[in-house]
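This report refers to the structure that appears directly beneath it.
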C-alpha cells in the first residue's frame, strides 16, 4: 500500500469532511418533523454503510485466506474487522442519540438496529479472540473461520429479527424511511457525507492494513535473520 | 432548536472516537518502530560478529 | 465401521464411563431454571413466556458447557492430535463431535422440560409435545456452532471463557426463533402457526452444520 | 532405486527466535531406518512432528512419499504411524478398546482381530481389559507403540520408543522396529542412545544444536545383536 496514495486519501478525507460538515449544518435545511436532530442522520448512515462494507471485506478476506493461505489476506481481514468495529460502534451510539429525542427511547429492537448490534457482538468476540491468541498462522485461521461464520449468519439474523418484529407488537412503530429526504439539498448533504466517510474509512483501513502488513513482514524478517544465524551455527 | 445537545453529542462522539482510534494506531506504529530498531540492532550485531571472524562464513 | 460411528461410539462409551457431562448439564439446567423462578417477582403459573425464556437460557448455558466437555475429552494424552493424524476426513470428526454434544444437550433438554412443567405449573399434553422438536432443533444448532467455536476457544489464552462470547451472538437468530416458537407452542398455538419460526431454525441448523463441516479442519489443525 | 520415503530440504524450525532445527537435509529410502540420537531439547521431537505433519517447518520443507508434509491428505496420513511423546490413548478406555478404536479409524477390516494381535505382540494380552488410566507408564508406552503400528504403516515415526520401558519392553520394541524394517517399512526413531538392533539397513545420526550429522560413538556404545536376544540397551 503506497504511502502517496495514503496521503492523497488523507487529504481527500479532510476536504470532503469539511465540505460535509458545511453541507450538514449550513446548506441542508432543517427537517420539518424531527427538527435539528435529524442532522445526525447525515453521519449516522455513512457510518452504517462503512461498517457493513468493512465486515463484508473481512469475510471475503477470510475466505481468500483459507483458500490461498497468504498472510496478506489475514492482515486485510483483521484490519477490516477492527476498522469496521470502530464504525459499527459509532452507528450504535449515534443511532441511540437520534432515537431518544425522536422516538423517546434510547434503543428499540427494530430489525436494523438489532442486526447491527448482533454484528457488533460477533466482531467483539472476534476482537477478543485475536487479543487472546498469539500472532500465528493458527490464529489467522481462527479469525477467518469466525469472520466467515459471522457473515454466513447475517441473512438468518435478518430473517429472524424481521419476523420477530412483525409478530411482536412494537411499542414504537418505526417509520420506514422516517427520514424522508424531501429536499434535494438534503440528498446532496448525505451524498457528500457518504463520500467523506468512505474516504475516511479508506484512509483508516489503509493505515491499519499497512501496519499489520509491516508487522507480518517484520515477523518474517526476524525469522529470516534467526534462520541465517541458525544456518551459520550461532545461537 | 430543541435537542441541540443530542446533535452536539453525536458529532462530538463521532470525532472523538475516530481521534482515539488514530491515537491508538499511532501508538501501535511506535511499537512497530521499536521492533524495527531491535531488528536493526540484531542485524548490526550480526555484521560485527562477521567482520571479527572472517574465517567462518556468516550471513550478511 | 465408519470413522464417524467409531468416534461417536467412543464418546458415548466414555460418557457412560464417568464422563458425567450429561449429569453436569442437567444440574446446570436445573440451576438456571431455579434462578429464573427466584428472580421473578411473583410466581406465575401457566406463563408460557417465562417458561420459554427459562428453558432457552438453560439451553444456552448447558450448550456452552456441553461443547466444551466434548472437546476437553480429546485433550488428555493429546488424543485430538492422534485423531488428526488418522486418515479420516475432519468433517466426519466434526460431525461425530457435534452428535455427541447434541446427544448430551438433548438429554439435558428433556430433563429441563420436565423441570419447566413442574416449576411453571404447565400441563402435560400436546402443547408440551410440540415444544420437543423446537428444542431439539435448537440444541442441534447450538451444538453445531459451539463445537466449531470450542475448537477455537480452547486454543486461546482466554481458554473456554471466550466460547460464550463467540457462540451466543452467532446463535441469536435460532434463539429468537426458538423462544418465540416455544412460547407460542406452550400457549397452545398449532404447528402451522410456528412454521415460520421452525423454518428459520432449520435454516440456521443447516447453515451452521455445513459451515462446521467445511471449516472444522481449519479450526482444529495445529501447525 | 526407488523414490525416497522421507526427503527434507534445508528443513529449519524456530521456536520464537531460537533455532531448533537448522537446514537439515536428509533422505530415507524404503525399508531403511534412521535412528536419531540426541539429548533433551535437541529437536528430535520437533523433527518427528514435522515429518508427521503435526507441525509446519519455519523454512525449507519435508516430503513424505513425495508429498509436502504441510499438505498431507488422508491417503498420505494413512501410510504414517507416529508414536509421539504423548500416547494419544484415552485414559478411560481399556487397552483393547483404544486399539480397536484406532484400528477402525485407520480403516482396518477387522479392528477387533487387529487389536487382539497387537495386544499379544506388545505383551499386553493380560492387561487387555485394564483401563489405560490404571496401567503403568511403561505399559502405556507399549500400547502407544501398538497404536502407531497397528495399521502396518510404511513410514514409522517413533519418539523415544525405549523411554520408560523395562528390559522386556525394550526387547519387544527392538523386535517391532526390526519387523517393520523387514517388511519394507522405513523407520525414523528418536532416542537417547544407540539401540541394540542388528542389521545394516539403518543409519545412526546425531542431532545436536539443530544439526543432523552422522553419529560417532564416543566409547563402546554399540552392542551386537546376538541370536534372537537383546543383551543390553545402552543409554548415553
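The values are calculated or read from the model by the stated rules, or taken from the named source; none is laboratory data. These numbers were taken from a predicted model, which means no experiment stands behind them. Note: ideal-geometry Cβ built from the backbone for every residue, glycine included; neighbour counts use all protein chains shown.
Annotation note: of A:99, A:81, the sole residue that is crowded, with 20+ Cβ neighbours inside 10 Å and closer than 30 Å to residue D:71 by Cα is A:81.
Residue by residue through segment D:194-214, note down the ones that are under 24 Å from residue D:21 (Cβ atoms) and at pLDDT below 80.
Going through segment D:194-214, the residues under 24 Å from residue D:21 (Cβ atoms) turn out to be D:194-195, D:202-214.
If the condition is that a residue be under 24 Å from residue D:21 (Cβ atoms) and at pLDDT below 80, then D:194, D:195 are the ones that fit.
Under the condition of being surrounded by fewer than 21 Cβ atoms within 10 Å (Cβ to Cβ) and outside any loop (DSSP other than H, G, I, E, B), the residues counted in segment C:212-223 number 3. Note on segment D:1-107: enclosed strands (runs of 3 or more DSSP E) holding 1 or more residues that are touching a strand residue (DSSP E or B) at 6+ places or on another chain (Cβ under 6 Å) and more than 11 Å from chain C (Cβ to nearest Cβ) are D:6-15, D:18-28, D:33-37, D:59-64. Return a yes/no flag: does segment A:40-50 have any residue that is under 30 Å from residue A:217 (Cβ atoms) and within 12 Å of another protein chain (Cβ to nearest Cβ). There is at least one residue in segment A:40-50 that is under 30 Å from residue A:217 (Cβ atoms) and within 12 Å of another protein chain (Cβ to nearest Cβ). Put simply, of C:99, C:79 the only residue that is buried (at least 20 other Cβ atoms within 10 Å of the Cβ) and within 14 Å of chain D (Cβ to nearest Cβ) is C:79.
Within segment D:137-167, being modelled with pLDDT under 90 and in a helix (DSSP H, G or I) holds for one residue alone: D:167.
Residues that are surrounded by fewer than 19 Cβ atoms within 10 Å (Cβ to Cβ) and either without any contact (Cβ under 8 Å) to a residue 60 or more places away in the chain or within 14 Å of chain D (Cβ to nearest Cβ) (or both) within segment C:191-211 comprise C:192, C:193, C:195, C:196, C:199, C:203, C:206, C:210, listed in sequence order.
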